[in-house]
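Asker: Below is one structure. I have some questions about it.
The values are calculated or read from the model by the stated rules, or taken from the named source; none is laboratory data. Note that the coordinates shown come from a computational prediction; the quantities given were computed from them, not determined experimentally. A quick note on method: Cβ atoms are made from the backbone with ideal geometry, for glycine too, and the neighbour counts reach across all protein chains shown.
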Amino acid sequence: MICKVRSSAQTELIDITAKIRDTVKSADIGQGICMLYVPHTTAAITINESADPSVKDDILMILNKIIPWKAGYRHLEGNSPAHIKSVLVGASELVAVENNRLVLGTWQGIFFCEFDGPRNRKVHVNFI
Amino acid sequence: MICKVRSSAQTELIDITAKIRDTVKSADIGQGICMLYVPHTTAAITINESADPSVKDDILMILNKIIPWKAGYRHLEGNSPAHIKSVLVGASELVAVENNRLVLGTWQGIFFCEFDGPRNRKVHVNFI
Amino acid sequence: MICKVRSSAQTELIDITAKIRDTVKSADIGQGICMLYVPHTTAAITINESADPSVKDDILMILNKIIPWKAGYRHLEGNSPAHIKSVLVGASELVAVENNRLVLGTWQGIFFCEFDGPRNRKVHVNFI
């Protein structure tokens, strides 16, 4: 199954927990593992705190500091920082499913990480 | 299944290889994949060298350097560095299982990464 | 199944997409998930842009900057930077398989990440 995501900034963490929850419910697999996969090279997926939105800002702030926009990159398209962030955060996440519900920790939410937006993006949802 | 972990410092890598080995043995699945999942947003799980304990110190030293304790963070709880480390190291790991044994490389061990301790923590162990 | 990789530099990203494609085809599993696992503690695996080879150079340039060769490391073997890079990039990746083909995004390729070469290395390929 595919979840569509629309980003609205160059770098942005988008909480897609509700969207993935709905997809899992509609898939009706009962119990198993949900694999979330981003088919992009300048985006990523992560699981972290969803209660306070300022955590997202702090994550992006440090990523933008560690991987600066200008650093003598060789890739001429100008979006090397986005590729590097994508490598460090990663293209996939796994979450267990029980009774058609994601088994997330109390504070955990699922975030689509846009590093070269705004764009129309996709998350592949597979079940194991 | 759930493995309990007790951390004793603010940042700490705890070798849980023996604990996970025992869990895998007791699950008696024979062959498959073991999924290790941390349901926390200020901790993580990683696989790396377990022979020399000083490798753990070096990993933490660089993480603490890259993600400083003070950096004008917006999240008021004060533990943004822990959230960011958690995003970079990741909430899950996969290891193959054969004959009820983890298929790890010669030097590989499994580490629970505490980034906001000391605390009582959990690792979810699922089998595929 | 095991894919052998020979690295030729100290740090190097090696495109192993074709090799993994062939392994998947020969495994003839039809549909499922392919798990790629590096049994080493100074190497990693990642999925990112394979079209322009300069992206690899930019990824390595930033990793070498973030994790310097000299930083007062305690591990006496001298390859702590390689261990730390391995933790940040990660030991495994998952890719869906349909009709015996890897389901990769348009620009995605699979890279073996050598951080302490040159060496003979392995990638374990498991199917779920």
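Asker: Consider C:C34 against the criteria (1) under 28 Å from B:D57 (Cα atoms); (2) out of contact with any Leu (no Cβ under 6 Å at 6 or more places or on another chain): it satisfies all of them except one. Which criterion is unmet?
Answerer: Failing condition for C:C34: (1).
Asker: Any idea which of (1) in a helix (DSSP H, G or I); (2) more than 7 Å from every other protein chain (Cβ to nearest Cβ); (3) without any contact (Cβ under 8 Å) to a residue 40 or more places away in the chain; (4) not polar (S, T, N, Q) is the one B:I84 doesn't satisfy?
Answerer: (2)
Asker: Continuing with the same structure: Against the condition within 30 Å of C:M61 (Cβ to Cβ) and at pLDDT below 95, how does A:K70 come out, does it pass?
Answerer: On the way: within 30 Å of C:M61 (Cβ to Cβ): yes; at pLDDT below 95: yes.
Here the answer is yes, as A:K70 does meet what is asked.
Asker: Does any residue of segment B:102-124 turn out to be more than 10 Å from chain A (Cβ to nearest Cβ), at pLDDT below 95 and over 11 Å from the mean Cα position of the chain (by Cα)?
Answerer: No: zero hits.
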